[in-house]
1. Can you name the strands (runs of 3 or more DSSP E) wholly within segment 70-133 that have at least 1 residues being polar (S, T, N, Q) and closer than 16 Å to Phe41 by Cα?
2. Quick check: anything in segment 103-114 charged (D, E, K, R) and either surrounded by 14 or more Cβ atoms within 10 Å (Cβ to Cβ) or farther than 20 Å from Val31 by Cα (or both)?
3. Can you tell me which residues in segment 30-66 are of a type in the set (Gly, Ala, Ser) and free of Cβ contacts under 8 Å to residues at least 40 places away in the same chain?
Amino acid sequence: MKVLSTLIKPVAGVAALLLVPLSAIASGHIVDVQWDANGRFTHKAEVQPTKFVEVCAKLKPGQKIAWSFQGSAAMNFNIHYHLGKETIYPAKLTEVKEAAQTLQVQAEQVHCWLWSNKTPATASVDVALKIEP
């Protein structure tokens with residue numbers, strides 16, 4: 001029995017990894033939002049050239065999330081979620097260093113704020129999210 005359980009645990013771990021896109025594993029830059037007691041989340045990240053940083057939270061319809069970011073370089077940015085095989089983009093901006101808006105959540109899904117760095121140098125980004133009443 002002990003041999004069998006020793007074999008099953010590594011196989012289960014490999015199976016779990018197969019469910020995650022390889023680009024996500026390679027970048028290591030997917031961050032789960034952890035709201036504080038006031039419904040706020042802040043994060044500072046470095047985005048390597050040709051890589052991305054993604055900040056994700058499970059949200060519900062009717063929620064309003066005020067968001068803002070400031071980057072050290074112009075990056076491509078989007079907010080997205082998945083419905084089946086379709087990707088929905090509530091916001092999509094090209095080559096921006098900063099932006100701020102309020103997301104009106106339409107679907108109960110994991111929503112992700114994503115920055116991709118197409119520059120030849122590492123860029124930084126400061127992110128702030130807040131659940132609005």
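1. On the way: elements: 86-104, 109-116, 123-132.
Result: 86-104.
2. There is no residue in segment 103-114 that is charged (D, E, K, R) and either surrounded by 14 or more Cβ atoms within 10 Å (Cβ to Cβ) or farther than 20 Å from Val31 by Cα (or both).
3. So in segment 30-66, the residues of a type in the set (Gly, Ala, Ser) come out as 37, 39, 45, 57, 62, 66.
Hit for segment 30-66 is Ala37, nothing else.
The numbers here are math on the coordinates, done by the rules we state, and not lab data. Predicted model, so just to flag it, every value in this text is computed and none were measured. Neighbour counts are summed over all protein chains in view; Cβ atoms, including those assigned to glycine, are modelled from backbone coordinates with ideal geometry.
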